[in-house]
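Here the structure is laid out as structure tokens; the discussion comes afterwards.
The values are calculated or read from the model by the stated rules, or taken from the named source; none is laboratory data. Please read these numbers as outputs of a predicted model, since none were measured by experiment. Every residue, glycine among them, receives a Cβ derived from its backbone with ideal geometry; neighbour counts consider all protein chains shown. All accessible areas refer to the heavy atoms of the entire protein, side chains included, with ligands and DNA or RNA removed. Shrake-Rupley method; radii C 1.70, N 1.55, O 1.52, S 1.80 Å.
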Amino acid sequence: MKAMILAAGMGTRLQPLTNDRPKALVTVAGQTMLEIALIRLRTFGVREVIVNVHHYADMVVAYLKANDDFGMWIEVSREDVLLDTGGGLKKAAPFFLKSGESLQEPFILHNVDVISTIDLGRMMRFHTEQTALATVAVQDRETSRYLLFDEHGHLCGRRTGRDAKAEGSQTELVRHAQQVQALAFSGIHILSPHLFAMMRQEGAFSIITAYMDLAGQGEKIIAYRADDCYWRDLGRPENVMQAAHDIEQNHFSQ
């Protein structure tokens, strides 16, 4: 099984922790974010990983070498210019489309700056059973940006703002739905390699933009509900501190 870890961001929200290192190497309870993500992927059977890098890229490369790639096959995708989540994934396409490999084998896309107890094996089975193009882990929690799903759990839009009626809130619908539920994305995806041939965007773009485009064409982008799982964004210093506390209190385990 293969996976990609998105780790190329500048980590500006994490300053001063990222003043002298990439966010992937910021430590949480003694482990780097990158190590936590890699070990979780390895636990669920992932053996081949590609990691995109930009900010302090050489530090990430040296770190992986010093740790013998954590017993996995790891490739690095260097981005001279930040490509965002969609552009970064598209640049890494050759890793997933190597000659002779099956296009039916789904893979995991995982943000480096989130930790969770989401069962990736169960999520993978759900994705396969649903024959989805993409499956995204979501929760019913507050956020500033929501994905909107119809009554069947299919992506049909997105919304900025905690309340649809609040001033400044914006809603975009790309397909009709009788009922819409707003859910928070958790930065973890299961994807079919067929996605690469369908992404029309070039350069730097968000994977969510590609999802919206594809959902509007009737492609199956579906929600995997992970409401009962532990999840935390590690994008701010205070979140890192809280996550470290959670780990010490055994609220999160790999």
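Summary table below
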{"quantity": "Index of the failed condition, Glu35 passing every other in (1) crowded, with 19+ Cβ neighbours inside 10 Å; (2) over 20 Å from Val76 (Cα atoms); (3) without any contact (Cβ under 8 Å) to a residue 40 or more places away in the chain", "calculated": "(2)"}
{"quantity": "Qualifying residue in the range 5-20 (condition: open to solvent by less than 20 Å² (accessible area, probe 1.4 Å) and at positive phi)", "calculated": "yes"}
{"quantity": "Of residues in the range 135-155 being under 9 Å from Ala184 (Cα atoms) and of a type in the set (S, T, N, Q), the one nearest to the chain's Cα centre (by Cα)", "calculated": "Gln139"}
{"quantity": "Considering residues of the range 120-136 that are surrounded by fewer than 15 Cβ atoms within 10 Å (Cβ to Cβ) and not hydroxyl-bearing (Ser, Thr, Tyr) only, the residue farthest from Ala3 (Cα to Cα)", "calculated": "Glu129"}
{"quantity": "Single unsatisfied condition, Ile222 versus (1) over 17 Å from Leu109 (Cα atoms); (2) in contact with a strand residue (DSSP E or B) (Cβ under 7 Å, 6 or more places away or on another chain); (3) open to solvent by less than 30 Å² (accessible area, probe 1.4 Å); (4) of a type outside the set (D, E, K, R)", "calculated": "(1)"}
{"quantity": "Enumerated helices (runs of 4 or more DSSP H) restricted to the range 1-102, each holding at least 1 residues that are under 19 Å from Asp113 (Cβ atoms) and among the charged types (D, E, K, R)", "calculated": "33-43, 84-91"}
{"quantity": "Some residue of the range 156-172 being at pLDDT below 95 and aliphatic (A, V, I, L, M)", "calculated": "yes"}
{"quantity": "Flag for Val28 being farther than 29 Å from His194 by Cα and either surrounded by 21 or more Cβ atoms within 10 Å (Cβ to Cβ) or among the basic types (Lys, Arg) (or both)", "calculated": "yes"}
